[in-house]
Amino acid sequence: MSETLQITLPDGSSKQVAAGTTVADFVKTQIGAGLAKAALYAKLDDEELDLSRPLSRSGKLTVVTNKQREGLDLIRHDAAHVVASVVQRLFPGTQVTIGPSTEDGFYYDFFRKEPFTPEDLERIEKAANEEIKRDLPFVRKEVSREEALQLFDKLGETFKKEIVEDIFSKGAKTLTLYSHGDWVDFCLGPHAPSTGRIGVIKLLNVAGAYWRGDHRNPQLQRIYGTAFFDKKDLDAWLKQQEEARKRDHRKLGKELDLFAFHPAAPGAVFWTHRGTLLFHALSNAMRGLCLRNGYQEIKTPLMFNKMLWERSGHWGKYRENMFLVLDPESKEKDIDERATFSLKPMNCPSHYLFYQMKKHSYRELPIRYHTQDVLHRNEATGVLSGLTRVRQFQQDDAHVILMESQIADEVKRLTELIKKVYDALGLGFRAKFGTRPPQRIGTDEMWDRAEAGLRAAIEQTGVDWMENPGDGAFYGPKLDFAVKDSIGREWQLGTIQLDYNAPERFELGYVGEDNKEHRPVVIHRAIYGSFERFIAILIEHFAGNFPVWLAPIQARIITKSTNRRRSWGRRSATLS
Amino acid sequence: MKIPYTLVIGDKEVEGRGVSPRKHGEGKEADLGFQQLDAFAAKLSAEARPPY
């Protein structure tokens, strides 16, 4: 007699099932035919399983369907396999490497001497979609190192062999192969039951790539594509992409004369007069909002010596992302030893220093510091792009120092501020509540209190929110705010983060009602995030048609009259 | 440059001490018709104030 397993479902109910039952059968008989039809794969605790796999232990089972983002990611990876298979059939001698899913689709890197032409892509796309119609099952098989190496040797796949060797050298006992039709690849899985679940594949373009991302390695051709469950979704996405291209802030920024870049300062913006007016309109609006809501605006130094960064922990863990500056008074011969200053990559540590310069009573709390200072963070020049990836930027940064009992009220206020700003700009949004991660500081009681405070606050505001279990920072839970722009794209913008670590590290204190010294909590918060990225998002959101209060030029005059027009025109101009 | 208002000033506007604004929108412009200058200036400065 086979062992009986206890399978728990997300709703908390649990089912008994004989060991060896496949996931598909379990879903069909124990949950329902509807879900079984929509199911793509499942997760038993953290282990991802194909539907064809037998259940061999008890645990919590979550079924991933075609209604979920994870389901879309899965069929995009399935699509990469399908594309690779037809490329090898249509272009014999081409070697395959890797093909992951991405934010917007998938890519696959091929080794082939002749470049793929646009006509080749059309042929591949057509053949790939035919593979979907054939509804070929994805079949999983476990093999040993020898079997795997023999297989890829026979197929002449040198890149695959290299990866296989790597995997076994890291201690793997077996390897999994997935095949559909007569094409086989090794893959961690999982995959959908069959190619028919993909829906539709669209190939987008080809770009150059290097094996393992290293330019000393052979050059590969990367075919980008995407896949959707439904042709309708694909068409909507393609339309959105086209609209996004028209609105691209790099293009509009030039046309509207808002900003520029120069190779002499990679990743740092030159704001034109018009761009500066726009920047200041946003900056002043935020200043006004903060002033009316009990914030003090402060400015702290842009450059600090390592005394501060050692204390904050950045000197050890974050130094490569900081721009170091030589101490002109240093007597050290070695230039590295003289580089003991850094441009600040964030404001937090300087706010803590400022707070510490005076003694504070519980009566003053919450203390809210707002700062829009210039920050610098190193980013590889290769990834710099327009206003969205920059090295020099400003944030609408604020830190609230408060008593733990004030958290719920403060988070509610902060959420209301965020709502006010996004609503005024026509940006829909939702909050993501990141709860305790596995690696964290503090006691469970502390996390219980902090999470309850955040939950109570967000529930009171009536804002749309979802929970991201385990997504909190190691130093406290957080709320991230993602906005939706006018063409339906989602952007991560604002954040409210509780921090129980910084007050310890910087030994922040306040004198309580009992006349004793207590430890406050810190909240990091931003509404725009960085001005640079926020302006990029607004340019694309409004497609350059800014509301009057943000428009660098609000009105212009056209004269049609024959006489007196000059004086009247001038008077109109001064009045606006 | 996408400018929110274009103020047309012809003989009628000069006589009547006003402007005929056209509002820029996506695709087409909406003609708002003749308005007294003071009234339009008040409307414009209200719209130029930050909404938060």
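The values are calculated or read from the model by the stated rules, or taken from the named source; none is laboratory data. This structure is a prediction, so every number in the text was calculated from the model and none was measured. When we count neighbours, we look across all protein chains shown, and the Cβ atoms used for this are built from the backbone with ideal geometry, even at glycine.
Here are the numbers:
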read-out: Subset of the stretch A:440-476 [buried (at least 18 other Cβ atoms within 10 Å of the Cβ) and in a strand (DSSP E or B)]; value: A:Trp465, A:Ala473, A:Gly476
read-out: Test for A:Glu379: is it among the charged types (D, E, K, R) and within 14 Å of chain B (Cβ to nearest Cβ); value: no
read-out: Residue in the stretch A:528-549 that is assigned to a loop (DSSP other than H, G, I, E, B), within 30 Å of A:Arg363 (Cβ to Cβ) and at pLDDT below 95 present; value: no
read-out: Check on A:Thr381, touching a Lys or Arg at 6+ places or on another chain (Cβ under 8 Å) and among the hydroxyl-bearing types (Ser, Thr, Tyr); value: no
read-out: Filtered residue count, the stretch B:3-19, keeping only those that are more than 7 Å from every other protein chain (Cβ to nearest Cβ), surrounded by 15 or more Cβ atoms within 10 Å (Cβ to Cβ) and either among the polar types (S, T, N, Q) or touching a helix residue (DSSP H, G or I) at 6+ places or on another chain (Cβ under 7 Å) (or both); value: 1
read-out: Where A:Asn205 falls short, out of the listed (1) assigned to a strand (DSSP E or B); (2) modelled with pLDDT of 95 or more; (3) touching a Phe, Trp or Tyr at 6+ places or on another chain (Cβ under 8 Å); value: (2)
read-out: For A:Ala536: the one exception among (1) aliphatic (A, V, I, L, M); (2) buried (at least 22 other Cβ atoms within 10 Å of the Cβ); (3) in contact with an Asp or Glu (Cβ under 7 Å, 6 or more places away or on another chain); (4) under 30 Å from A:Leu278 (Cα atoms); value: (3)
read-out: Failed item in (1) surrounded by fewer than 17 Cβ atoms within 10 Å (Cβ to Cβ); (2) within 9 Å of another protein chain (Cβ to nearest Cβ); (3) within 10 Å of the chain's Cα centre (by Cα), with B:Lys23 passing the rest; value: (2)
read-out: Qualifying positions in the stretch A:124-147 - among the basic types (Lys, Arg) and within 16 Å of A:Cys187 (Cα to Cα); value: A:Arg140, A:Lys141, A:Arg145
read-out: Pick from the stretch A:408-453, criterion under 28 Å from A:Asp46 (Cβ atoms) and small (Gly, Ala, Ser), ranking: farthest from the other protein chains (Cβ to nearest Cβ); value: A:Gly442
read-out: Filter pass, A:Ala281 being more than 25 Å from the chain's Cα centre (by Cα) and part of a helix (DSSP H, G or I); value: yes
read-out: Filtered residue count, the stretch A:424-439, keeping only those that are assigned to a loop (DSSP other than H, G, I, E, B), surrounded by fewer than 20 Cβ atoms within 10 Å (Cβ to Cβ) and not hydrophobic (A, V, I, L, M, F, W, C); value: 5
read-out: Any hit, the stretch A:292-311, residues being within 28 Å of the chain's Cα centre (by Cα) and free of Cβ contacts under 8 Å to residues at least 60 places away in the same chain; value: yes
read-out: Long-range neighbours under 6 Å by Cβ, at least six apart or interchain, first residue more than 28 Å from A:Lys420 (Cβ to Cβ) and within 11 Å of chain A (Cβ to nearest Cβ) within the stretch B:31-52, second modelled with pLDDT of 95 or more and in a strand (DSSP E or B); value: none
read-out: Lone unmet requirement of (1) under 28 Å from the mean Cα position of the chain (by Cα); (2) buried (at least 16 other Cβ atoms within 10 Å of the Cβ); (3) of a type in the set (A, V, I, L, M, F, W, C) for A:Phe354; value: (1)
read-out: Which listed residue, of A:Leu278, A:Leu282, A:Leu291, is surrounded by fewer than 13 Cβ atoms within 10 Å (Cβ to Cβ) and within 14 Å of another protein chain (Cβ to nearest Cβ); value: A:Leu291
read-out: A:Leu177 vs. criteria more than 29 Å from the chain's Cα centre (by Cα), assigned to a strand (DSSP E or B) and not charged (D, E, K, R); value: yes
read-out: Near pairs, Cβ below 7 angstrom, 6+ apart or cross-chain, from the stretch A:203-218 (aromatic (Phe, Trp, Tyr)) to any residue that is not in a strand (DSSP E or B); value: A:Tyr210/A:Asn217; A:Trp211/A:Thr97; A:Trp211/A:Phe159; A:Trp211/A:Asn217; A:Trp211/A:Pro218
read-out: Output for the stretch A:122-165, where each listed residue is surrounded by 14 or more Cβ atoms within 10 Å (Cβ to Cβ), in contact with a Gly (Cβ under 8 Å, 6 or more places away or on another chain) and not in a helix (DSSP H, G or I); value: A:Leu136, A:Arg140
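Residues are listed down the side, and each one gets a yes or a no for (1) assigned to a helix (DSSP H, G or I); (2) touching an Asp or Glu at 6+ places or on another chain (Cβ under 7 Å); (3) of a type in the set (D, E, K, R):
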residue: A:Arg212; (1), (2), (3): yes, no, yes
residue: A:Leu238; (1), (2), (3): yes, no, no
residue: A:Asp257; (1), (2), (3): no, no, yes
residue: A:Pro266; (1), (2), (3): no, no, no
